[in-house]
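In what follows, a structure is listed as structure tokens, so that the remarks can point back to it.
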């Protein structure tokens, strides 16, 4: 037994005090458990609301991204079609330029053929004229030989005489 200044404490008193203390501790644990449960519920509510907000944000962002990708795909398709048209136009222009070049070459080739025919005709005339000139030169040569044969013979004789004289002097 314990003796206090005013009163003496009995085992029953201690038992009552311990029981009261146990009830108070148990009530404290219950209140703490309820507090944790309340806090857990509040946290779950907040996480739930945050999850909803995040899911909505993700859906909105996904929709915006899909819209942007869709617009980009449309823009790219238009760009590819425009580029394809420009390329086709350039090829068509190049083909026309090439065709004009071939046409000009064909025209020029016809002019060259015509000029070649003229040259061939001129060459034939020149051959004929040259034959005439050769005949005339031949005739002139014969005529000169006939006209000057006496003088040539005389010159030959003089040359021969000079050669003989020169040979004697040596």
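The values are calculated or read from the model by the stated rules, or taken from the named source; none is laboratory data. Since the structure is predicted, the reported quantities are computational estimates derived from the model, not experimental observations. Don't worry about glycine lacking a Cβ; one is built from the backbone with ideal geometry, like all the others, and counts go over all protein chains shown.
Points to keep in mind about this one:
- Check on residue 107, assigned to a helix (DSSP H, G or I), surrounded by 10 or more Cβ atoms within 10 Å (Cβ to Cβ), at pLDDT below 90 and under 60 Å from the mean Cα position of the chain (by Cα): yes
- For residue 14, the stated conditions hold: it is in contact with a strand residue (DSSP E or B) (Cβ under 9 Å, 6 or more places away or on another chain) and either in contact (Cβ under 8 Å) with a residue 60 or more places away in the chain or part of a helix (DSSP H, G or I) (or both).
Residues checked against (1) surrounded by 10 or more Cβ atoms within 10 Å (Cβ to Cβ); (2) assigned to a helix (DSSP H, G or I); (3) within 37 Å of the chain's Cα centre (by Cα):
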| site | (1), (2), (3) |
| --- | --- |
| 90 | yes, yes, yes |
| 94 | yes, yes, yes |
| 114 | yes, yes, no |
| 122 | yes, yes, no |
| 132 | yes, yes, no |
| 137 | yes, yes, no |
| 151 | no, yes, no |
| 162 | yes, yes, no |
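- Test: residue in region 36-49 that is modelled with pLDDT of 90 or more, within 35 Å of the chain's Cα centre (by Cα) and either part of a helix (DSSP H, G or I) or at positive phi (or both): no
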